[in-house]
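Q: I am attaching a structure below and will ask some questions about it afterwards.
The values are calculated or read from the model by the stated rules, or taken from the named source; none is laboratory data. Since the model is a prediction, treat every value here as computed from it, not as a measurement. Counting neighbours? That spans all protein chains shown, and the Cβs are built from the backbone with ideal geometry, glycine included. These accessible areas exclude ligands, DNA and RNA; they are computed on the full protein's heavy atoms, side chains included. Shrake-Rupley method; radii C 1.70, N 1.55, O 1.52, S 1.80 Å.
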Amino acid sequence: MLPSLLAACVGGDPTDTADVPARAAISFANENNFTFEGLLNIPSFAVEATTDFSLSWADLDKDLQCHDLDPVADIDNVGLMAFPYLTEAEVEDGLARDSLRQVDMGVYLNYEPGDATEFLLSQVSFGGTDPDIEPLFEDGSGSWLVVLTTGTGVALGSRMLVFVSPQDGEDNHAVSVDDGCALLDYTVSLTTLTPVVIAADDPLTLDWSQLTVTGQGSPLDPTKVSKVMVAYFADTDVASLEAQFLDLESLATTTWSAPHLAGVQADLGALLDDDDQSPFPGFDDTGLWLVALVCDSCPVPAPLGLTLVTSGG
Amino acid sequence: MRAALAFLLLAAACDPSLADKDVVGTDSDDEATLGDAAVSDVTADLATIVTVVVVRWKTDVEATGHVEFGPDETYGISTNTTASGTSHEVFLVGTAADTLVHFRVVVDTGSGPTPTSDYTITTGPLPTGTPQPVASGTMADEWQFMVLPTQGAVAAVTIVNQVGDVVWYYRPVVEGGNLMRALLTNDRKAVLLGHAGTQGKLEDSLLQYISIDGGTVVDIPAPFFDHDLDELPDGTVAMISVERRTRPNGTPWEADRIVELAADGTETVIWNAWESLDSTPYVDQPAPNWTHGNGLDYWAEEDAYLISLKEIGTLCKVNRSTGEIEWMIDGELNEFDFGGAEVVQLQHQFELMPNGNLLLFDNGTPERGYSRAVELELDIDARIATQIWEYIRTPPLLVFAKGDVQRFDNGNTLVTWSPNGEIQLVTPEGLPVWQLNAELGQGYTFVQPVDSFYNAP
């Protein structure tokens, strides 16, 4: 699989696409893309300013996508982010739109809990530096976001988000979180997109060079597409998928995927079944078919591109 | 070391299986007579790093040559000249991804340079995950390119142009590596990476030379390398290196050295904190490294080093020949009178300027609440430091680790707010005129502005 992707994407001459007849690739363009608008409602807890506090996730059993979560096995890292010049609402909006810059985050500190399900402000560090953070944790110092993640990448793999708000005169020193289901509101549209129509003899090359806007409405950076996925649903309809959007992968009868290394084309024939690793056999006219362009390194979990594929004869 | 470097310099330009010959030109397959030489077999391939183009050509007689290239037929950039011979190869570096490059070969048999007609090639797409910062504002030609080591969600080295386009990239495949430094080498043939430990073990620290075309990666174990390195004019690498000893109570204890790694593999300890400074006052401190070297520069004009020691908060000038400390400023071992001005707190990178002034990234403490760039005029004999310039970002940032500064001939200063992923070019009046921002999850370490990939000093 990897050699074929390399041949297609890394060593390839981008000018090759100009020599290929238009129907040689399955074109995924802006009109084919879904739309996704997410709203975050991150819980906020007041704690005493400039003082140590604890945050426990021992009872957290559902993450922000309302998926099951094991508080010991699934939380690898606690990130503490200070946004000194943003309100909590601005942070929520920036996260939902994926529009925050690193400089918006004044401080990033972390703690790797191991098997623990609680952390203290005094335990966080920055790499090999252990700053005395309590003096900075003062009333009016902006928004402080705790991010519980699977994996240790900064702003990646988020499972739960919590604001802690330092306030003078507050006597609370302990925060506990137990449910992320109410955190994410979203509106998704699959029913209004224009499906990609393929012919029976079309080669399995997907081309998204004409896809310039993500499902979230942002300009598409092609280097963010890290995985291409096809999902087949044997017995459902589009409206049902739309209603259960966060569970698409688990609802799918079969999914095939492959990492994407570079460029704006992918050989779908190189995708492998995520269960048995068998190659993608191609589309047929049964059930429902989705193609997704996935970004594994983006804070927002929704795909960058998602469309329906139908057979047109 | 010698073998490794030789391998780097002699290695093939790229894996032919990954490079397509897609040169488009009027005489790419034909022989053309230019002056006294017949030029043939002009080819252009994308290198392993697909923003780099490898141009090869042959001449029927001994000749030198170079390539002129750019976005159109006015070109604008010239490569270095090849050695006299009949087979020639150069790399075209400095072009963004997915960009059309015009180029022509210029040959010289001794009777004057003669160019071929125009050829074109398009550079390839950036690999998935390549960090792409956003640049804004305008600048004079303080530099043309900048080497950006990126930490955080992505470990990568990119080289960007003035508008933030990535023209070179490398994603180190070092499991658990801690990328601290990246330098375009003096000869412009490679990028040197310093990884401080892998999997958190400083014993496994590693230097890597990445050839400019990306086709060759040479790993050089550098046990206990930490934080920073520099390259001397002869290619010798100077680095901060930790030496472990044992406290009186039996627990491990560390301090820093300046170690040179010569091209022949010879290691020379230039300076050792254990021998040069008194560790006694720090024996009960919890920090594992009682000096915590966090910045190193070679000062060619005086054949000396400057090393910053964060735990002590002091910057030392070390005579390279004698290994003796000539002066110390800031922190616990400060010898200078600041005249009541705000003292520097826990600095990182710095620059000793030609006029003798010292430019520093002053991290500051949580109690002070902000970081700044500061310029000090030094009276070495009288041990007087006079603050003559500072820059505090609006709104302020407190940078816990890293931070970098560079001053240019026009008086503008580059200030790198490393973990905050922002680099600003500010005027002497403190007005930001250009800046570069990383996306959320990505920060920088120390950066290197460079003028050109050619005509290396």
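Q: Please report the buried accessible area for the interface of B with A, total over both chains, probe 1.4 Å, in Å² to the nearest 100.
A: Working: alone 18610 and 14730 Å², together 30260 Å².
Separately minus together, B and A give about 3100 Å² buried.
Q: Out of B:Ser111, B:Thr246, B:Ile212, whose Cα points farthest toward the positive end of the dipole of chain B (charges: +1 Lys, Arg; -1 Asp, Glu; placed on Cβ)?
A: Farthest towards the positive pole: B:Thr246.
Q: With +1 on the Cβ of every Lys and Arg and -1 on the Cβ of every Asp and Glu, and nothing else charged, how large is the dipole of region B:31-142 about its Cα centre, in debye rounded to the nearest 20?
A: Values: 3 positive and 15 negative charges, 51 e Å.
Taking the Cα centre of region B:31-142 as origin, the dipole is about 240 debye.
Q: Rounded if a/c is under 1.5, else prolate if a/b is larger than b/c, else oblate: which is region A:42-182, with a ≥ b ≥ c the root eigenvalues of its Cα gyration tensor? Please report the intermediate quantities before stating the final value.
A: Numbers: a/c = 1.34, a/b = 1.19, b/c = 1.12.
Rounded shape, in that the Cα axes give a/c under 1.5.
Q: Which residue, B:Val399, B:Ile159, A:Gly263, has the largest displacement toward the positive end of the dipole of the protein assembly as shown when charges sit on each Cβ (Lys, Arg +1; Asp, Glu -1)?
A: Farthest along the dipole direction, towards plus: B:Ile159.
Q: Measure out, as a whole number of angstrom, how far apart the alpha-carbon centroids of region B:146-188 and region B:244-309 sit.
A: Taking the Cα centre of each part, region B:146-188 and region B:244-309 sit 26 Å apart.
Q: Still on this structure, I have one more. So what is the calculated 222 nm ellipticity per residue for chain B, using -39500 (n - 2.57) for each DSSP H run with n of 4 or more, over all residues, to the nearest 500 deg cm²/dmol?
A: -500 deg cm²/dmol
Q: Any idea which of A:Val103, A:Ser125, A:Ala82 is furthest toward the positive side of the dipole for region A:42-182, if Lys and Arg beta-carbons carry +1 and Asp and Glu beta-carbons -1?
A: Selected residue: A:Val103.
Q: Sticking with this one: Given a 1.4 Å probe, show me the residues in region A:101-144 buried by at least 50 Å² of accessible surface when comparing the whole protein assembly to the chain alone.
A: Output list: A:Arg101, A:Gln102, A:Val103, A:Phe126, A:Thr129, A:Leu136.
Q: Sort out for me the Cα centre separation of region B:89-130 from region B:321-383, rounded to whole Å.
A: A separation of 45 Å, based on Cα centres.
Q: Tell me, what ³J(HN,Hα) does each residue in region A:192-201 have, in order and in whole Hz, if you take phi through Karplus 6.51 cos²θ - 1.76 cosθ + 1.60 with θ = phi - 60° and put x for Gly and Pro?
A: Those phi angles translate into 9, 6, 8, x, 7, 9, 10, 9, 4, 9 Hz.
Q: Another question, then. Only protein chains counted, 1.4 angstrom probe. Which residues of region B:401-437 are at least 50 Å² less accessible in the assembly than when their chain is isolated?
A: The answer is B:Asn420.
Q: Could you look at the protein assembly as shown and say what percent of its accessible area is carbon and sulfur, using a 1.4 Å probe and all protein chains? Spell out each step's value before the answer.
A: On the way: 14990 of 30260 Å².
C and S atoms contribute 50 percent here.
Q: Could I ask something else about it? Length gain on complete extension for the stretch B:Thr99 to B:Lys201, per 0.36 nm per residue less the alpha carbon to alpha carbon distance?
A: Working: separation 102, 0.36 × 102 = 36.72 nm, distance 4.12 nm.
Between B:Thr99 and B:Lys201, full extension yields an extra 32.6 nm.
Q: Related question: Calculate for chain A the 222 nm mean residue ellipticity that helices alone would give, adding -39,500 (n - 2.57) per DSSP H run of length 4 or more and normalising by residue count, nearest 500 deg cm²/dmol. Mind showing how you got there, number by number?
A: Numbers: 4 runs with 28 residues, N = 313.
After summing the helix terms and dividing by residue count, I get -2000 deg cm²/dmol.
Q: Take peptides B:350-359, B:118-127 and line them up by average Cβ neighbours within 10 Å, highest first, as a rough protection proxy.
A: Ranking the peptides B:350-359, B:118-127 by packing returns B:118-127, B:350-359.
Q: Could you let me know the centre-to-centre spacing of region A:150-180 and region B:400-431, using Cα atoms, in angstrom?
A: When both Cα centres are located, 33 Å separates them.
Q: To continue, here is another question. For region B:112-218, which GluC sites (Glu not before Pro) are in a loop by DSSP, counting at most 14 other Cβ atoms within 10 Å? Write down the numbers at each step before the final one.
A: Values: sites: B:Glu142, B:Glu175, B:Glu203; in loops: B:Glu142, B:Glu175.
Those satisfying the criteria are B:Glu175.
Q: Report the charge-dipole magnitude of the protein assembly as shown in Debye, nearest 20, computed about the Cα centre from +1 at each Lys and Arg Cβ and -1 at each Asp and Glu Cβ.
A: Working: 30 positive and 119 negative charges, 179 e Å.
The dipole of the protein assembly as shown has a size of about 860 debye.
Q: Moving on. Return the distance in nm (one decimal) between the two label points of a simple spin-label model at B:Glu73 and A:Glu31, each offset 7 Å from Cα along Cα→Cβ.
A: 3.9
Q: Could you do me a favour and compute the accessible area per residue for region A:42-182, 1.4 Å probe, result in Å²?
A: Details: 5570 Å² over 141 residues.
Averaged over the residues of region A:42-182, the accessible area is 39 Å².
Q: Would you list, by chain and number, the lysines whose Cα falls below 21 Å from the Cα of B:Lys402, excluding same-chain residues fewer than 8 positions away?
A: Partners within reach: B:Lys201, B:Lys310, B:Lys317.
Q: Oh, and also: Is the C-alpha gyration tensor of region A:241-313 telling us rounded, prolate or oblate? Criteria: a/c under 1.5 is rounded; beyond that, a/b larger than b/c is prolate, otherwise oblate. All intermediate terms of the calculation are to be shown ahead of the outcome.
A: On the way: a/c = 1.42, a/b = 1.09, b/c = 1.30.
Verdict is rounded for region A:241-313.
Q: Still on this structure, please answer the following. Under unit Cβ charges (Lys, Arg +1; Asp, Glu -1), what dipole magnitude, rounded to 20 debye, does chain B have relative to its Cα centre?
A: Details: 23 positive and 68 negative charges, 233 e Å.
Using Cβ point charges on Lys, Arg, Asp and Glu, chain B gives about 1120 debye.
Q: In addition: By the gyration tensor of its Cα atoms, with a ≥ b ≥ c the square roots of the eigenvalues, what is the shape of chain A: rounded for a/c under 1.5, prolate for a/b over b/c, or oblate? Intermediate values should be presented prior to the final figure.
A: Values: a/c = 2.37, a/b = 2.11, b/c = 1.12.
It comes out prolate by the Cα gyration axes.
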